[in-house]
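Comments concern the structure below.
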Amino acid sequence: AQSVTQPDIHITVSEGASLELRCNYSYGATPYLFWYVQSPGQGLQLLLKYFSGDTLVQGIKGFEAEFKRSQSSFNLRKPSVHWSDAAEYFCAVCHSGGGADGLTFGKGTHLIIQP
Amino acid sequence: DAGITQSPRHKVTETGTPVTLRCHQTENHRYMYWYRQDPGHGLRLIHYSYGVKDTDKGEVSDGYSVSRSKTEDFLLTLESATSSQTSVYFCAIRESTGGNQPQHFGDGTRLSIL
């Protein structure tokens with residue numbers, strides 16, 4: 001069965017500093033990978049996705065993520081965080097077979113921005 | 001934003017009562033999903049639908065049933081609510097073209113069972 005691990009439950013970063021959120025997945029074939037962000041009381045917004053091709057993908061709000069097959073990782077990065085980036089971040093994997101299967105999510109990383 | 005409306009947005013009810021949550025979409029997407037979100041667990045799939053009257057179970061389906069009589073509506077029912085079903089419930093939709101389309105989420109329903 002597929003699984004996603006986000007090792008960091010909480011991360012605190014100073015405003016303007018760089019950010020990296022870790023995500024490791026377990027899946028037998030090439031996965032479809034996603035990062036979502038959730039602000040308090042809101043639904044999930046898609047930041048970026050990886051299906052194939054270039055292993056460095058760009059997303060919205062200045063985020064990027066790099067797929068590393070050898071490490072089974074899909075880490076999210078941002079060069080300079082803003083106070084508005086404070087939120088919960090979820091990494092997710094989907095069956096790449098084209099079926100109706102839902103997403104398998106990590107447990108999330110809560111990002112705190114210090115002034 | 002994807003045209004997804006969840007109703008109600010908040011509900012408080014008592015143990016043993018039936019509860020139905022509604023997800024309505026205006027995108028005409030084929031696939032619809034129900035997840036629950038709990039602290040320390042992330043989001044977990046309850047049920048999903050791949051067409052009208054076509055549904056299947058997800059990871060945490062016990063105690064829940066679903067129905068989809070129209071493309072635009074996907075209902076989640078708790079036949080006899082229990083306190084362990086207190087959670088935030090999210091509906092998601094996905095386009096039918098290809099397996100690599102992302103899911104888009106509604107704003108959630110916060111359900112408290114006393």
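Considering only DSSP beta bridges whose two residues both sit in the protein assembly as shown, what percent are antiparallel, to the nearest 5?
90
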Estimated vicinal HN-Hα couplings, Hz - the stretch B:28-39 in sequence order (Karplus 6.51, -1.76, 1.60; Gly, Pro = x): 6, 7, 6, 9, 9, 9, 10, 10, 10, 10, 10, x
Relative contact order computed over the stretch B:7-114 (Cα-Cα under 8 Å; 6+ residues apart), in percent: 35
Between the stretch A:1-41 and the stretch A:53-72, the Cα center-to-center distance that results, in Å: 11
Test item: Cα-centred dipole of the stretch B:4-113, Lys/Arg +1 and Asp/Glu -1 on Cβ, debye: 120
Contour minus Cα-Cα distance for B:Thr26 and B:Val52 (0.36 nm per residue): 7.9 nm
Order of exposure, largest accessible area first, which applies to A:Ile9, A:Ile113, B:Ile93 with probe 1.4 Å: A:Ile9, A:Ile113, B:Ile93
Filtered GluC sites (Glu not before Pro), the stretch A:1-79: DSSP coil and at most 16 other beta carbons within 10 Å: A:Glu15
Cβ-based charge dipole, the stretch A:3-114, positive-most Cα from A:Trp83, A:Gly43, A:Pro31: A:Pro31
Trypsin sites (Lys or Arg not before Pro) restricted to DSSP loop in the stretch B:1-33 with at most 14 other C-beta within 10 Å: B:Arg9
Qualifying aspartates and glutamates (Cα of each under 19 Å from Cα of A:Lys49; at least 8 residues distant if same chain): A:Glu20, A:Glu64, A:Glu66, A:Asp85, A:Glu88, A:Asp101, B:Asp1, B:Glu95
Cleavage-rule hits (GluC sites (Glu not before Pro)) in the stretch B:71-114: DSSP loop, at most 13 neighbouring Cβ within 10 angstrom: B:Glu79
Label-point separation in nm, A:Glu15 to B:Leu114, each point 7 Å along Cα→Cβ: 4.0
Carbon + sulfur, % of accessible area of the stretch A:3-114 - ligands and nucleic acids excluded, 1.4 Å: 48
Heavy-atom accessible surface that A and B bury in contact, both chains counted, 1.4 Å, Å² to 100: 1700
Value of relative contact order over the stretch A:3-114, rounded to a whole percent, pairs C-alpha under 8 Å and six or more apart: 38
Accessible surface, the stretch B:4-113, averaged per residue in Å² (probe 1.4 Å): 45
Accessible area (Å², per residue) of the stretch A:1-78, counting only protein heavy atoms and a probe of 1.4 Å: 49
In Å², nearest 10: area of A:Ile112 left accessible to a 1.4 Å probe: 70
Under 10 Å, Cβ to Cβ, from A:Val37 - net charge with Lys/Arg +1 and Asp/Glu -1: -1
Shielded by partner chains, the stretch B:42-73 residues - at least 30 Å² of accessible area, 1.4 Å probe, vs chain alone: B:Gly42, B:Leu43, B:Tyr48
Extension gain (nm, one decimal) between B:Glu14 and B:Asp38, 0.36 nm per residue minus Cα-Cα: 6.7 nm
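Step through the table entries A:Lys68/B:Lys57; A:Lys78/B:Lys11; A:Lys107/B:Lys57; A:Lys61/B:Lys70; A:Lys61/A:Lys107, compare each Cα-Cα distance with 26 Å, and write down the pairs that go over it. Walk me through the numbers on the way to the answer.
Working: A:Lys68/B:Lys57 31 Å; A:Lys78/B:Lys11 37 Å; A:Lys107/B:Lys57 21 Å; A:Lys61/B:Lys70 35 Å; A:Lys61/A:Lys107 22 Å.
Violating the 26 Å Cα-Cα cut-off are A:Lys68/B:Lys57; A:Lys78/B:Lys11; A:Lys61/B:Lys70.
The values are calculated or read from the model by the stated rules, or taken from the named source; none is laboratory data. As the structure is a computational prediction, the values presented were derived from the model and not from experiment. Virtual Cβ from ideal backbone geometry, glycine too; neighbours counted across all protein chains shown. In case anyone asks, the SASA skips ligands and DNA or RNA and just uses the protein heavy atoms, side chains included. Shrake-Rupley method; radii C 1.70, N 1.55, O 1.52, S 1.80 Å.
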